[in-house]
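> The structure that follows is given in the form of structure tokens.
What follows is calculated from the coordinates using simple rules that are stated; it is not laboratory data. Values in this document were obtained by computation on a predicted structure and should not be read as measured data. Note that we place each Cβ from the backbone using ideal geometry, even for glycine, and neighbour counts take in every protein chain shown.
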Amino acid sequence: MTIKQSNEDEKRVKIFKALADVKRIEIVRFLYRAKAIHTCGHIGNTHGLNKSNTTYHLKILHDAELIDIIRDGQFKLIQLREETFQAFLPGYLDTL
């Protein structure tokens, strides 16, 4: 019997890779507990990251569709995408 890989499998791999780093888990925890939209700079300052490291971690989370990045003029606003967690990792956010 052959089991065919689905597009959702690729998405799961991206999600697990994105959550395989402590800093990214800390960012997800921060966004979940804050229940607010934060700027890229504020997230970096809160977690002791320089601008390039912050951008790197946020890009990985965004590529995995775990966060939304909203451009507002010169600012990038970051919001947790809870529907992705509910669909692929139900209950995960409650463990943070």
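> Only one residue in Ile78, Ile70, Ile37 is in contact (Cβ under 8 Å) with a residue 40 or more places away in the chain, more than 10 Å from the chain's Cα centre (by Cα) and over 18 Å from Asp21 (Cα atoms). Which one? Walk me through how you get there before you give the answer.
Values: Ile78 fails: more than 10 Å from the chain's Cα centre (by Cα); Ile70 fails: in contact (Cβ under 8 Å) with a residue 40 or more places away in the chain.
Just one listed residue meets the conditions, Ile37.
> While we're on this one: How many residues are surrounded by fewer than 17 Cβ atoms within 10 Å (Cβ to Cβ), outside any loop (DSSP other than H, G, I, E, B) and not polar (S, T, N, Q) if we restrict to the range 63-87?
11
> A follow-up question, please. Mind checking which residues of the range 83-96 are touching a Phe, Trp or Tyr at 6+ places or on another chain (Cβ under 8 Å) and touching a residue at least 40 places away in the same chain (Cβ under 8 Å)?
Within the range 83-96, the subset touching a Phe, Trp or Tyr at 6+ places or on another chain (Cβ under 8 Å) is 85, 92-93, 96.
Leu93, Leu96, listed by residue number.
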